[in-house]
């Protein structure tokens with residue numbers, strides 16, 4: 001899938017670390033997000049595919065390393081079923097841009113006026129570091145009961 005250029009809202013690349021239950025894993029993440037869809041690729045540190053997640057309209061398809069496709073209406077239940085952990089794709093697009101998604105939230109700002117912590121949809125998002133221009137985060141931690149995701153965003157487009 002390729003998102004139409006007119007729809008593309010951001011692209012990012014970086015590292016992801018996941019801790020769930022008694023397991024921990026790290027890898028790379030490349031994500032293209034648009035109003036109409038998402039394309040997210042998670043790979044091992046050596047570049048081997050772990051999962052390719054594509055959201056279009058009301059469906060999400062996760063392609064596993066063996067090429068098998070799994071489908072669901074939301075990324076959270078699909079990633080939990082296939083990968084063993086929840087990936088909050090719906091809220092994540094807003095959270096990585098340091099803003100709350102739709103719905104109720106609690107926010108705490110740091111002394112510098114930037115968002116320091118956001119609580120929404122059962123997740124707590126901590127903003128640990130920012131790009132040099134201070135506009136977008138470069139490191140954040142997302143915690144949900146039983147899971148911790150850490151993102152280190154190296155590149156924004």
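Principal axis extents of the C-alpha atoms in the chain (largest first, rounded to whole Å): 48, 42, 33. Shown is the FRET efficiency for residue 63 and residue 109, computed with R0 = 35 Å from the Cβ-Cβ distance and rounded to the nearest 0.05: 0.35. Please compute P(r) over all alpha-carbon pairs of region 102-157, binned at 10 Å starting from zero, and give each bin as a whole-number percent. The calculated distribution, bin by bin, is 23, 50, 27, 1. Each residue, residue 154 and residue 131, gets one label point 7 Å from its Cα in the Cβ direction; the gap between the two is 1.6 nm. Dividing the summed helix terms, -39500 (n - 2.57) for each DSSP H run of n ≥ 4, by the number of residues in the chain produces a 222 nm estimate of -2500 deg cm²/dmol to the nearest 500.
Rule-based calculations on the coordinates, nothing more; no lab input. Quick caveat: nothing in here was measured; it's all calculated off a predicted structure. All Cβ positions, even for glycine, are placed from backbone atoms using ideal geometry, and neighbour counts span all protein chains on display.
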